Amino acid sequence: MIKKYSLLKSFGYAFDGLKTAFESEANFRIQTIMATMVILLSIILKFSYIETIILIMTIGLVLILELINTTIEILAGNEITAQAKKIKDISAGAVVLGAIMSIIIGLLLFIPKIWKFLL
């Protein structure tokens, strides 16, 4: 029998998942702290509405990829099989690709602002 959950309970479970990831996964914790610092810097540098949207979407992408990667690593387990290694490596590759993209986008957004701020 399928249990029905209220929308409120569903959000509660989702926030429990975020809390669990933050408490148990160092990479997610580091990325969340870095994201907060980047957003604060974007406020100081007075990012435009569009720049802010791009920044938040980029940060969101990296955090989502990290959560998916963590889930895949848990599902793959601690077994050291060729298939588990392949699954984990591909999943980690997605996170790295997202991180590289976010660095490039971040540089494109921040360098002109920092340059203008310093001059």
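The numbers here are math on the coordinates, done by the rules we state, and not lab data. Remember, predicted model here, so these are calculated numbers, not experimental data. Every residue, glycine as well, gets a Cβ built from its backbone with ideal geometry; the counts of neighbours run over all protein chains shown.
Got at least one residue in region 53-76 being hydrophobic (A, V, I, L, M, F, W, C), outside any helix (DSSP H, G or I) and out of contact with any Asp or Glu (no Cβ under 8 Å at 6 or more places or on another chain)?
Checking region 53-76: not a single residue is hydrophobic (A, V, I, L, M, F, W, C), outside any helix (DSSP H, G or I) and out of contact with any Asp or Glu (no Cβ under 8 Å at 6 or more places or on another chain).
Can I30 be described as surrounded by 11 or more Cβ atoms within 10 Å (Cβ to Cβ), within 30 Å of F117 (Cα to Cα) and without any contact (Cβ under 8 Å) to a residue 12 or more places away in the chain?
yes
Screening region 84-95 for residues that are surrounded by 12 or more Cβ atoms within 10 Å (Cβ to Cβ) and β-branched (V, I, T) and picking the one that is farthest from the chain's Cα centre (by Cα) gives I87. Within the option set F117, F47, F110, being among the aromatic types (F, W, Y), touching a residue at least 12 places away in the same chain (Cβ under 8 Å), surrounded by 15 or more Cβ atoms within 10 Å (Cβ to Cβ) and in a helix (DSSP H, G or I) holds for one residue only, F110.
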